[in-house]
1. Neighbour counts of other C-beta atoms within 10 Å: give me T127, T91, T162, T77 arranged from fewest to most.
2. I'd like to know which of T183, I47, L196 lies farthest towards the positive end of the charge dipole of the chain, counting +1 on Cβ of Lys and Arg and -1 on Cβ of Asp and Glu.
3. In Å, what Kirkwood hydrodynamic radius results for segment 103-160 from the alpha-carbon pair distances?
4. For the chain, what is the relative contact order in percent, using Cα pairs closer than 8 Å and at least 6 residues apart in sequence?
5. Once both labels are modelled 7 Å past Cα along the beta-carbon direction, what's the R155-D19 spacing in nm?
6. If R0 is 22 Å, what FRET efficiency do you get for K112 and R146 from their C-beta distance, rounded to 0.05?
7. Output the Cα-based Rg and Dmax of segment 17-65 in Å, rounding Rg to one decimal and Dmax to a whole number.
8. Place +1 on the Cβ of every Lys and Arg and -1 on the Cβ of every Asp and Glu in segment 103-160, take the dipole about the Cα centre, and give the residue among V125, V137, I110 whose Cα lies farthest towards its positive end.
Amino acid sequence: MNDIYSGDQKGLDVFLIDDVGDGSIDKATKMLAGISRGVEKAVGSAIKRAATSGEAFAARAVRDEYYVNASDFKEYTKSSRHIITDKSGTTVDIEFHGHHIPLLKFDTHIGKDGHIVARVKRSSVRTTLEKAFAQSVGAHTGIFEREGDERLPIRELFGPSTPQMMSYNDDLEQAIGDHVRETFDKRLEHEVNAILNGWRR
């Protein structure tokens, strides 16, 4: 079945947005020239806000394609921000990364007879997973299947990771990137004005 994976969560997928602040950082640097650490403070605050806003935007956007709650999307998404300053200027990248999300977090139903019916994409139809079963392992409950004919070993079933969902198609990938860049530019302008006017130190 498409987008159902078996195994573990060791692999980490990454969705990279680069060229954030292309042009706006240079403008901010000129405006804040002479103010100690002014541009570093402005860029740092703006990129943090852009990453948070981008995550929220992506959580809403991927729901058009996938059966995933916004809260689950955010739980399985982390971001890292990279501010690189050298002789040529300052550049900013944002990475969204995450492991595969347990299949139980998607449109998965456990029948009274124990049969598992699931689908990950909205364009898919619900499929009965003949060899799957629900199992609690410690505090975690998931959907598992046996690796062979024997009772053990078993492996958990997962859906895609959040970075995979964010890059599902070119339009979605572009929309998320555009939102992050626009949010950064607007927030950077706000931060620059706050520093120049003495509202932020």
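1. The most exposed by this proxy come first: T127, T91, T77, T162.
2. Value computed over the given set: L196.
3. For segment 103-160, inverting the mean 1/r across all distinct Cα pairs yields 11.9 Å.
4. It rounds to 32 percent for the chain.
5. So the two model labels end up 3.9 nm from each other.
6. So the FRET efficiency works out to roughly 0.55.
7. Reported Rg and Dmax, both Å: 14.3, 48.
8. Comparing the listed Cα positions along the dipole, V125 ranks first.
Computed from the coordinates by the stated procedures, all read-outs in this text should not be read as laboratory data. Bear in mind that the values here come from a model prediction, so they are computed numbers and not experimental data. Note: ideal-geometry Cβ built from the backbone for every residue, glycine included; neighbour counts use all protein chains shown.
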